[in-house]
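Participant: Okay, handing you the structure first.
Only the coordinates and a few stated rules stand behind these numbers; no lab work does. All values reported here derive from a predicted model rather than from experimental measurement. Note: ideal-geometry Cβ built from the backbone for every residue, glycine included; neighbour counts use all protein chains shown.
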Amino acid sequence: MDRNQGKKVKSAILPLEGIKVLDLTQAMMGALTAMMLGDMGADVIKVERIQGEAIRHGRPAAMDDLYEEELKKGESPDSAMWLGSNRSKRSLAIDIKTEQGKEIILKLAGETDVFMQNFRPGVIERLGLGYDVISEINPQVIYCSIYGFGKTGPLSRRVGGDMWSQAMGGAISQLGTPDGPPSMVPFIFVDHGGAVMTAYGIMLALFARERTGLGQDLDVSQLDVMMALQTTEISTYLADGIQRTKVGRGNPFFSPFRAKDGDVMVMLGVGPTWPIFCRVLDVSHLEKDPRFETEAARFKNAEELYPILDESFSNKTRVEWQQIFRENKLRCDPCLTYEELFAHPQVEANEMVVNFQHPQRGTMKMLGIPVKLRKTPGKADTPPPLLGQHTEEILLELGCSKKDVEELSNKKVIKKGN
C-alpha cells in the first residue's frame, strides 16, 4: 500500500527546505557535497576567506604559499571549476582567524543543522571550531569532516587530493599497459564519488537525528572513498587473493576500439559469441588462434589482439558498426566526445543541462541534478555566488546592524560583495 495514499503531497516543497548548512570546506569534494544539499533546498552558507579560496581563482588548493601574492589581489574571474561546484549557496567572506570572525561563525553554528569542514586533523580545533566546541553550543548539530587519508593514523595530517588517493588507493596500479608508462584517471572521480558518499553520510545522520534527536560527528576520507569505488575489484583480492594488474585499455569482456570516425565500445566476444565476433570483424582466422581462443588467452595477449582489431574497426564508421553488431545480436555503442554528448537528445530528455545568468559570465550552462525526485524535486536555479555576495545579508539576518557590518568590513574581518 502507498504510504502517501489519501495524503496531500505539497509538490512545491524542496526535500531539504529548512535545513541550514555551514560549509567551511575548500576545493572540490566538500563543495560538491554542499551544492547537492543546496540543490535540494538546504540554505547553504559558503564560508570563504576574504580573498577567496584558491580554486575560485583557478589555483590548486593547499598550495597557498606559492600563490599568496596573486590571491591577495583577488581580481581574477571565478574559474569554471569553482563555478561548477558552488551553485545553490550564499557566500560569506570572512577571516575566521580573527576573534570577531570566529564569534560570527560560532553564532551561525548555533543555528545550523550541518557544519562541514575539511581542514587537516587538528587545524579546526586550533581555530576553536572543533566538534566539541560546536556541539556544546548546538548539541543537535551534524558535524561533517572530510580528510585526505583519515582522521587518525600515520598519514592523517598529510594534505589529501584526488591524485594522491588514486596513487595510494590502488587505481593507478591497474591503469595503462603492462609494459607502458603509468597512467591515471584524467578526471577527479574520487572527489565526485566522495561528494555522493559524504552527502549520503550527512543524510543518514539527519535521518537518525529525526528519529532520536541526537546530533553527531562523522568523517569521510578520500582514501576510503577510493577503496570503496573499487569494491568489486578489491573484493576479488580480499576473498581470493588475486592481485589486479594493468590490463591496458580493456579486458576479456569489453573494450573500446578506433572506428573510421571515432571510437566505439564493444562486447568483446563473450563466451559463445567469440566466433560471431570474429566473423563480424572479418577476422575469422583469430577464432581458433591459441593466443585468443579463450577469454583467459585474450586477456593475457590483449596487446597483440588490440592492434589487429583496431585495423578491422577502422574500416567502417561508428554508425555502420552499430548496425552490423545489432544485426548479429551483439552490442556496439559510440564513445562520445563532450560536444557529441551534449548534442544528444537523451541528455536533453534527462534535463542534465541548466542555464544561469551570471554577473561575470552572462548566460552560462551547468550540469543539472542527476537524482530525480518526482514529487519533491530539487531546484538548480541559483547561480554560484560572487565572493562575499551575501556577507551583509547573512550578518543582518544574524542580528548585526549595518553599522556593525561596515566596521567589520573596514577592519577586514569580512568582505562585502560589490
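Participant: Dipole of the chain, Cα-centred, from +1 at each Lys and Arg C-beta and -1 at each Asp and Glu C-beta, to the nearest 20 debye?
Facilitator: 760
Participant: Calculate, for V347 and Q140, the FRET efficiency according to 1/(1 + (r/R0)^6) with r their C-beta to C-beta distance and R0 35 Å; round to the nearest 0.05.
Facilitator: That pair, V347 with Q140, gives E of 0.30.
Participant: Mean 1/r over all different Cα pairs, inverted: what Kirkwood radius does the stretch 269-313 give, in Å?
Facilitator: The Cα-based Kirkwood calculation yields 10.3 Å.
Participant: With only alpha-carbon atoms in the gyration tensor, what are the semi-axes of the equivalent ellipsoid for the stretch 254-335, in Å, largest first?
Facilitator: 19, 13, 11
Participant: Now a separate question. Using the Cα centre of the stretch 254-335 as origin and beta-carbon charges of +1 (Lys, Arg) and -1 (Asp, Glu), tell me which of Y306, P275, N328 is placed farthest towards the positive end of the dipole.
Facilitator: Result: N328.
Participant: Roughly how large, in nm² to one decimal, is the mean projection of the convex hull of the alpha-carbon atoms in the chain?
Facilitator: 26.4
Participant: Highest mean first, how do 358-365, 39-46 rank when packing is the count of other Cβ atoms within 10 Å averaged over residues?
Facilitator: 39-46, 358-365
Participant: How far is helix 231-240 tilted off the main Cα axis of the chain, in degrees rounded to 10, range 0 to 90?
Facilitator: Value to nearest ten degrees: 60.
Participant: F253 to N328: FRET efficiency via 1/(1 + (r/R0)^6), r the Cβ-Cβ distance, R0 25 Å, to the nearest 0.05?
Facilitator: The value I calculate is 0.90.
Participant: Then there is this: Within the set of other residues whose C-beta is less than 11 Å from the C-beta of L106, count the net charge using Lys and Arg as +1 and Asp and Glu as -1.
Facilitator: With Lys, Arg at +1 and Asp, Glu at -1, the net is -2.
Participant: Using the basic label-point model (7 angstrom from Cα toward the beta carbon), what is the D263 to K151 distance in nanometres?
Facilitator: Roughly 4.0 nm, to one decimal.
Participant: Work out, step by step, the length gained on full extension between D404 and E340: first 0.36 nm times the residue separation, then minus their alpha carbon distance; give nm to one decimal.
Facilitator: Separation in residues times 0.36 nm, less the Cα-Cα distance, equals 17.8 nm.
Participant: Related question: Can you tell me the orientation of helix 318-327 relative to the chain, as the angle in degrees between its alpha-carbon axis and the longest Cα principal axis, to the nearest 10?
Facilitator: Value to nearest ten degrees: 60.
Participant: While we're looking at this one, here's another question. So if each residue of separation counts as 0.36 nm, and I subtract the Cα-Cα distance between V159 and F189, what length gain in nm does that give?
Facilitator: 9.0 nm
Participant: Spin-label point model (7 Å from Cα, Cβ direction): what's the T232 to L396 distance in nm?
Facilitator: 5.3
Participant: Another question, if that's okay. Cross-link partners among aspartates and glutamates for K411, C-alpha distance below 13 Å, same-chain residues fewer than 8 apart left out?
Facilitator: List returned: D95, E99.
Participant: In which sequence would L218, L37 go, from the one with the fewest C-beta neighbours within 10 Å to the one with the most?
Facilitator: By the 10 Å Cβ count, ascending: L218, L37.
Participant: Averaging the inverse of every distinct alpha carbon separation and then flipping it gives the Kirkwood radius. What is it for the stretch 112-269, in angstrom units?
Facilitator: Roughly 18.3 Å, rounded to one decimal.
Participant: A follow-up question, please. Pull out the extension gain between I308 and V133, defined as 0.36 nm times the separation in residues minus the alpha carbon to alpha carbon distance; nm, one decimal.
Facilitator: Between I308 and V133, full extension yields 56.6 nm more.
Participant: What is the calculated FRET efficiency for T376 to T177, with r their C-beta to C-beta distance and R₀ = 35 Å, to the nearest 0.05?
Facilitator: It comes out at approximately 0.15.
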